[in-house]
Amino acid sequence: MLNYFTAGTFLLLIFYLKQSHERLVMTKIHPIFSFAALINIILLLTACAQNDPRETARVFTKKSGLTSTQFATSWINLQGWQRIAPPVSLVRIYIEGDGFAWMSRTQPSADPTPRNPVGLQLAAADKSANVIYLARPCQFIGPPLPAVCTTHLWTDKRFSSEVVQAMDEAISQAVQPYPQAKIELVGYSGGATIAAQLAARRRDVVSLRTVAGNLDVAYVNALHHVSAMPDALSAINVATDLKNLPQLHISGGDDSTVPPAVATRFQRATGTQCAKVVSVPGMRHGSDWAAVWPGLLARPLNCEP
């Protein structure tokens, strides 16, 4: 069933066709033109429904055994998916990237829902018993988006303390039924800096993995000559707090959005052997990371040289 192109809509269009046919016959305009136009409208609406990222995610997650859920934080609802098989002693939590934040270099999008949800794809590719995925604020919500969803939440405020706090609250809700569970965090792109911030403030996190992770917000912004984000909580600012946490920071060898140098800078900032980095040849920022994810997950996490 398509999300927006419902049976009711179809019936209304058929009614419109009938009425149009009668009017056009009366005005001696050939009805074939109206019929062709209506067919084009139907095809366009069908294509739009099929390409809607929310509908795509719904179908994709169902096939992967992930169940949709929403987490009501103190100020915003966050969309998530999960696959849980109690008893739960360990859960891996994925945090999505920035999504469709900008339509152009200067124009924010009206909806940050990712067109290529790499974080969600990674979660689906993870065959572990207990997996939770968290979208960033306002992703996969609506339409329409609630009033709280202003463009600031996916642009200049996307790494703010309020956003990190909301993500923290959502994780606490997700694991509340399993008080003994330990957490492995995974962050993709901008989700990496959120994951690092969460790892620094929580006591139940036992490891951190990032994929194409923006671990140094100021450095990446300067690299792309975009405005500074004075309210951003950057991962690199908590690097020393994570010095004893096993970590793996994965970069794409051909990633020009967040190049491998970002992970290397973060590794140096931790000052320990706990943070490992790996660059995957040929991979770009939005490549099919899910295809190589099982092999990357198999890499051991430890603090050995």
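Bear in mind these aren't lab numbers, they're just calculated from the coordinates by the rules spelled out. All values derive from a computational prediction rather than experimental measurement. Glycine also receives a Cβ, built like all others from the backbone with ideal geometry; neighbour counts cover every protein chain displayed.
Tell me, which residue of region 205-219 that is in contact with a helix residue (DSSP H, G or I) (Cβ under 7 Å, 6 or more places away or on another chain) and surrounded by fewer than 23 Cβ atoms within 10 Å (Cβ to Cβ) is farthest from Arg92 (Cα to Cα)?
In this case the residue turns out to be Tyr219.
Test Arg105 against the stated conditions and say whether it is surrounded by fewer than 19 Cβ atoms within 10 Å (Cβ to Cβ) and either under 29 Å from Leu301 (Cα atoms) or not acidic (Asp, Glu) (or both).
yes
Just for region 253-293: of the residues that are farther than 21 Å from Leu223 by Cα and of a type in the set (Ser, Thr, Tyr), which one is surrounded by the fewest Cβ atoms within 10 Å (Cβ to Cβ)?
In this case the residue turns out to be Thr272.
From the residues in region 220-230 that are over 17 Å from Arg268 (Cα atoms) and under 21 Å from the mean Cα position of the chain (by Cα), which one is surrounded by the most Cβ atoms within 10 Å (Cβ to Cβ)?
Met229
Which ones in region 87-111 are among the basic types (Lys, Arg) and closer than 26 Å to Arg203 by Cβ?
Of everything in region 87-111, just one residue is among the basic types (Lys, Arg) and closer than 26 Å to Arg203 by Cβ, namely Arg92.
All but one of (1) touching a Ser or Thr at 6+ places or on another chain (Cβ under 7 Å); (2) in a loop (DSSP other than H, G, I, E, B) hold for Gly282; which doesn't?
(1)
Is region 235-244 home to any residue that is within 21 Å of the chain's Cα centre (by Cα), under 20 Å from Leu90 (Cβ atoms) and crowded, with 23+ Cβ neighbours inside 10 Å?
no
Test Ala239 against the stated conditions and say whether it is in contact with a Gly (Cβ under 9 Å, 6 or more places away or on another chain) and under 21 Å from Ala170 (Cβ atoms).
The answer is no for Ala239.
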